[in-house]
Amino acid sequence: MDIRRESKNNPLIGVVIGSDSDLPIMAPGLEILEKWGIPFEVHILSAHRTPTAAADYAQTARDRGLKVIIAGAGMAAHLPGVLAAYTTLPVVGVPIASGELKGVDALYAIVQMPSGVPVASVGINAGKNAVILAIEILGLTGSVWQDKLEAYRKDQAEGISVKNARLQELGYHKYLDSAK
Ligand code: RP5
């Protein structure tokens, strides 16, 4: 597959997963990108099963206009690090809880990069945070993204205020009962 020909919408954010089994974890973040109209692409590329394609993806990413790469992988999660080795674009890793070690293996594999080749890591299964961080990076170059992030934060804060008002009104027993 020639990734250059596969890119249809001039994506700014490239999302890469090591396996299709990682896709459900990344979906909430992808939904934000869709909702906010941020052009993105998603590929399954494995550091171990398709190493040449993964390297090619990262090597051509900047020329294809990508600004940030998000890479989700589980177990011996070398994908974010391998992509980072082949590009100077920022890479955000998402450790995925897919194996017996429940993502701790992937977290360590992603954050413990050698000096000189960094990968930013979000928490285990935190695909949504990876997307928000990627948009914050995009926000460095375009205020439209910052406006969306500020609106998102405001909505989030309002949601908490509504919950707190309800908690004060009901007390914690009734609040818990009402959530059942
Ligand atoms: C990793 O191995 C993938 O990122 C995935 O999280 C995990 C399991 O992959 P599958 O065996 O489900 O394809 O490389």
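Okay, here's what the table says:
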item: Residue within region 48-65 that is of a type outside the set (Ser, Thr, Tyr) and under 18 Å from residue 149 (Cα atoms) present; result: no
item: Residue satisfying condition, being surrounded by 16 or more Cβ atoms within 10 Å (Cβ to Cβ), over 14 Å from the mean Cα position of the chain (by Cα) and closer than 16 Å to residue 134 by Cα, within set 109, 84; result: 84
item: Verdict on residue 84 being touching a strand residue (DSSP E or B) at 6+ places or on another chain (Cβ under 6 Å), without any contact (Cβ under 8 Å) to a residue 40 or more places away in the chain, assigned to a helix (DSSP H, G or I) and assigned by TED's automatic domain parsing to the domain that holds residue 115; result: yes
item: Subset of region 87-106 (residues that are polar (S, T, N, Q) and either more than 11 Å from the ligand (Cβ to nearest atom) or open to solvent by 70 Å² or more (accessible area, probe 1.4 Å) (or both)); result: 87, 88
item: Tally of residues being away from the ligand (no atom under 16 Å from the Cβ), in a loop (DSSP other than H, G, I, E, B) and touching a helix residue (DSSP H, G or I) at 6+ places or on another chain (Cβ under 7 Å) across region 18-37; result: 1
item: Subset tally (residues that are open to solvent by less than 60 Å² (accessible area, probe 1.4 Å) and in contact (Cβ under 8 Å) with a residue 24 or more places away in the chain) for region 126-148; result: 11
item: Which listed residue is out of contact with any strand residue (DSSP E or B) (no Cβ under 9 Å at 6 or more places or on another chain) and part of a loop (DSSP other than H, G, I, E, B), from 102, 163; result: 102
item: In region 47-81, residue nearest to the ligand (Cβ to nearest atom) [restricted to those that are within 17 Å of the chain's Cα centre (by Cα) and touching a residue at least 60 places away in the same chain (Cβ under 8 Å)]; result: 79
item: Selection status of residue 151, outside the structural domain of residue 80 (by TED's automatic domain parsing), open to solvent by less than 70 Å² (accessible area, probe 1.4 Å), part of a helix (DSSP H, G or I) and hydrophobic (A, V, I, L, M, F, W, C); result: yes
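The values are calculated or read from the model by the stated rules, or taken from the named source; none is laboratory data. Note that the structure is a prediction, hence the values are computed from the model and not measured. Heads up, the Cβs are rebuilt from the backbone with ideal geometry, glycines too, and the neighbour counts pull from every protein chain shown. Ligands, DNA and RNA are excluded from the accessible area calculation, which covers all protein heavy atoms including side chains. Shrake-Rupley method; radii C 1.70, N 1.55, O 1.52, S 1.80 Å.
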